[in-house]
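**Student:** My questions all concern the structure below.
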Amino acid sequence: MFVYTILTKALGLNPQDTGLFLGAAIHDGAHAMGELLSAASRWCLIIGIAAMGMRTSFKEVLSIGPRAIALLCIETFVLALIVLV
């Protein structure tokens, strides 16, 4: 980022133009990094959910009983409502 200040001096930018240039350059860099991290976290979540699903045995899930399964479904529904509202 220190190169930006050298570049603005070399281009002879006034303080207003320097501020505009630095603000735009830093904002674009932060925005690109945010999108990259968002995409990476989404893929990590998908991989984690898929890994858990591969180890799930429906026979074991059914063995925990109908009350536990109902509670799991209700929790999932409530979380979906929170996200959607």
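**Student:** What residue among 37, 22, 72 has the largest mean-square fluctuation in a Gaussian network model of the chain, using Cα springs under 10 Å?
**Tutor:** Checking each option, the largest mean-square fluctuation is seen for 72.
**Student:** Also, I was wondering about something else. Anyone know which of 35, 75, 60 comes out most mobile in the 10 Å Cα GNM of the chain?
**Tutor:** Of the options given, 75 has the highest mean-square fluctuation.
**Student:** Then there's this: Given the options 47, 64, 26, which has the most mean-square fluctuation in a GNM of the chain, springs set between C-alpha atoms less than 10 angstrom apart?
**Tutor:** Among 47, 64, 26, the largest mean-square fluctuation in the Gaussian network model of the chain belongs to 64.
**Student:** Taking the Cβ of each residue in 42, 55 as the centre, tally the other Cβ atoms inside 10 Å and list the residues starting with the fewest.
**Tutor:** Ordered by Cβ neighbours within 10 Å, fewest first: 55, 42.
**Student:** Angle, helix 2-11 long axis vs. longest principal axis of the chain, Cα atoms, 0 to 90°, nearest 10?
**Tutor:** So the helix axis and the longest Cα principal axis differ by about 40 degrees.
Every read-out reported here was derived from the displayed coordinates using simple, explicitly stated rules and does not represent laboratory data. Everything numeric here is computed off the predicted structure, so don't read it as measured data. So basically every Cβ, Gly included, is an ideal-geometry build from the backbone, and we count neighbours across all protein chains shown.
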